[in-house]
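A short worksheet on the structure shown next.
The values are calculated or read from the model by the stated rules, or taken from the named source; none is laboratory data. Note that the coordinates shown come from a computational prediction; the quantities given were computed from them, not determined experimentally. As a convention, Cβ positions derive from the backbone with ideal geometry for all residues, glycine included, and neighbour counts pool all protein chains shown.
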Amino acid sequence: MKKIALCISVFILSLPSVAMETDNLSDWFLKGSSRANIKYYYIETNKENSATDLSSSAHANSIGAKLNYTTANFHGLSMGFTLMTTNPFSLPSRVDTSVIGRDNGIRLDSSVSSKTAKDGFSILGESFIKYKNENFELLYGRKVIKSPLIDAKEVRVLPSVVEGSTVLYNFENGVTLGSAYFTKFKQRTSNVFTNIVEHALGSKTKELIGKSGGSVASIYLTNNFKNYKFRIYDYFAKDFMNSIYFDVDKKGKIGSNISYTTSIQGIYQRGVGHSIDTMNNNIDTYGGKINSRAFGVKSKINYDSSTFEVSFTDVLNSSNGEHNSLVMPWDGTPLFTNTITSSNLFGSNYGKGLTSSGGYISGTQGVKFSYVQEYSNSFKSLVSYSRFSNKNFDKTQEDINAVISYKIGDFSISLKGIWVDNSTTIGSSDSKDSISQIDSLRQYRVIANYQF
């Protein structure tokens, strides 16, 4: 496999870097575009959990790469291919597999620390054909996408990928109307495309939806106006759930060097078909049928090279006997207060679709403050603080995330520190659990990235 990857990379890097339009079939491939991304990732994770008397520390090194080639356009037709690979090295006795094959370990061995989870892999992650004619676009195959509830989540070595088809139309006024039909999903720490609903539910798939797999259909509407934008998505998985997401941004200026953006968002999820009776009949396991709602508000101010942001979200409680935490099985982390520090980091692993934590549990209110400073064309820093509270728990979760990055040309390096703590607050005392189910988490990352 390494020899194949090397041959493909040499071929890709010998091609032009910008795609062209051609009416010559022989130039369809020869005048395509290429790009590559090589990433080094170091991660160290330390956890404390007094409830289980568990203290753990793990780390890992990995070098990953994405090598892409996209053909030229031939009468509107083009094809794209992306080789993805992650290669661990110098592993310790206790390995943090979140930058290697964590999802493979869960899927095959039910363990995040099995040998499978520690194995690197290579895969043809993207392979698609696209047709574009003026404002109309049709795509079929495997593609990295970014949407609120199905996302690439590129905060590790490789992104997640979906398989299916999309069609969209861009209107002259900046509005885009699109639809999609997805059948498979590849987690970022896996080299296997599994059925998209099976990825969410794992061994419970047939019990919950009455069959061994399913699909997700989506329709969405977005705009790209000057001073405001909106997005609305509807995701439907037959016999599982229907999810609706929307957000609206309004931009403005105060004077010549201050700009602002105010935003609102909403999420509504409900169980559909077979899952309703199954989950209602087994409330102890599933909490009842899916009925989840959340909203958020956010304000961001840009002043010269500084950016300040404050946000608030609320995952609403519904009636008793309902699964009212948000269901995020496909790497969507859309809440304005979401941070990579919370323990929902791995919520999208195989079979974990009904598991929520951090700011996504029903009844949780979150607030987040962040500050970004650009010191020059090369240096940038970020620090954020978020707090999640829930009257059903006797502890609040506090997250701090600090990043400093340096970029020169096509190379960048980032140093990240993550601190998560749960502290006892005034409130319910009949539960010893915290929102994240841990007392503390400390995580440190070094990420070097070269794109060309």
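Scanning the stretch 220-279 for residues that are more than 20 Å from ILE361 (Cα to Cα) and assigned to a loop (DSSP other than H, G, I, E, B) yields ASN224, PHE225, LYS226, ASN227, LYS238, ASP239, GLY255, SER256, ASN257, VAL272, GLY273. Comparison of THR333, THR339, THR278 shows that the only residue that is closer than 30 Å to THR183 by Cβ, under 14 Å from the mean Cα position of the chain (by Cα) and touching a residue at least 40 places away in the same chain (Cβ under 8 Å) is THR333. Here the condition is being touching a Lys or Arg at 6+ places or on another chain (Cβ under 9 Å) and exposed (fewer than 15 other Cβ atoms within 10 Å of the Cβ); of ASP96, ASP109, ASP103, it holds for ASP109 alone. Regarding the stretch 366-374, can at least one residue be identified that is surrounded by fewer than 24 Cβ atoms within 10 Å (Cβ to Cβ), among the polar types (S, T, N, Q) and not in a strand (DSSP E or B)? No, the stretch 366-374 contains no residue that is surrounded by fewer than 24 Cβ atoms within 10 Å (Cβ to Cβ), among the polar types (S, T, N, Q) and not in a strand (DSSP E or B). Among the residues of the stretch 383-415, just one is closer than 20 Å to PHE336 by Cα and either modelled with pLDDT under 85 or basic (Lys, Arg) (or both), namely ARG387. Mind checking whether some residue in the stretch 47-55 is in a loop (DSSP other than H, G, I, E, B), farther than 30 Å from ASP399 by Cα and of a type outside the set (Phe, Trp, Tyr)? The answer is no; no qualifying residue exists. Here ASN173 clears all of (1) under 26 Å from VAL248 (Cβ atoms); (2) at pLDDT below 95; (3) crowded, with 23+ Cβ neighbours inside 10 Å except the condition numbered (3). Restricting the stretch 223-257 to residues that are within 30 Å of SER275 (Cα to Cα) and of a type in the set (S, T, N, Q), the residue that is nearest to the chain's Cα centre (by Cα) is SER243. For the stretch 94-111, give me the residue count where each residue is without any contact (Cβ under 8 Å) to a residue 40 or more places away in the chain, touching a helix residue (DSSP H, G or I) at 6+ places or on another chain (Cβ under 8 Å) and part of a loop (DSSP other than H, G, I, E, B). The number of residues fulfilling the criteria is 1.
Please pick out the residue among LYS115, LYS130 that is among the basic types (Lys, Arg) and either within 30 Å of TYR245 (Cα to Cα) or in contact with a Ser or Thr (Cβ under 6 Å, 6 or more places away or on another chain) (or both).
LYS130
Okay, residues lined up against (1) within 29 Å of GLY164 (Cα to Cα); (2) touching a strand residue (DSSP E or B) at 6+ places or on another chain (Cβ under 7 Å):
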site	(1), (2)
VAL248	yes, yes
SER259	no, yes
ILE267	yes, yes
THR285	no, no
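Within the stretch 171-189, being part of a strand (DSSP E or B) and of a type in the set (S, T, N, Q) holds for THR176, SER179, THR183. Each residue in the stretch 162-190 was checked for being of a type in the set (Val, Ile, Thr) and farther than 26 Å from THR85 by Cα, and 3 pass.
Closer than 20 Å to SER292 by Cβ and without any contact (Cβ under 8 Å) to a residue 24 or more places away in the chain: which single residue out of PHE240, PHE246 fits that description?
Result: PHE246 is the single residue among PHE240, PHE246 that is closer than 20 Å to SER292 by Cβ and without any contact (Cβ under 8 Å) to a residue 24 or more places away in the chain.
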